[in-house]
Amino acid sequence: MQKEYEDRGISVTGVYMGGMNTPFWDGSDYVSDPSFLPSPDQIAEQIVEQDDGRNEIVLEKYS
């Protein structure tokens, strides 16, 4: 997308993160207790804080 929109004044930032505490994990064997994962609001706050125009944002996993 970055290449596709570079001439249109639209910037695209790829965000790479671990999971979030959402219903996605309901019934999953991969994450048995998603309550330790950050909420979507916490992830959104991190993205806004780190968005400085870079092409990629990598969010560290919560422990």
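Quick look at the numbers
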| read-out | value |
| --- | --- |
| Leading residue by the ranking (surrounded by the most Cβ atoms within 10 Å (Cβ to Cβ)) among those in the stretch 47-60 that are of a type outside the set (D, E, K, R) and without any contact (Cβ under 8 Å) to a residue 24 or more places away in the chain | Gln50 |
| First in the stretch 1-27 and closer than 20 Å to Leu37 by Cα, second anywhere and aliphatic (A, V, I, L, M) and outside any loop (DSSP other than H, G, I, E, B), Cβ under 6 Å, 6 or more apart | Val15/Ile47; Val15/Ile57; Tyr16/Val58; Met20/Ile43 |
| When residues of the stretch 11-35 are limited to those that are surrounded by 10 or more Cβ atoms within 10 Å (Cβ to Cβ) and at pLDDT below 90, the one nearest to Asp51 (Cα to Cα) | Ser11 |
| Some residue of the stretch 34-53 being among the small types (Gly, Ala, Ser), in a helix (DSSP H, G or I) and within 15 Å of the chain's Cα centre (by Cα) | yes |
| Residues of the stretch 37-53 satisfying the condition of being of a type outside the set (S, T, N, Q) and at pLDDT 90 or above | Leu37, Pro38, Pro40, Asp41, Ile43, Ala44, Glu45, Ile47, Val48, Glu49, Asp51, Asp52 |
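The values are calculated or read from the model by the stated rules, or taken from the named source; none is laboratory data. All values derive from a computational prediction rather than experimental measurement. Cβ coordinates were reconstructed from backbone atoms using ideal geometry, including for glycine residues, and neighbour counts include every protein chain displayed.
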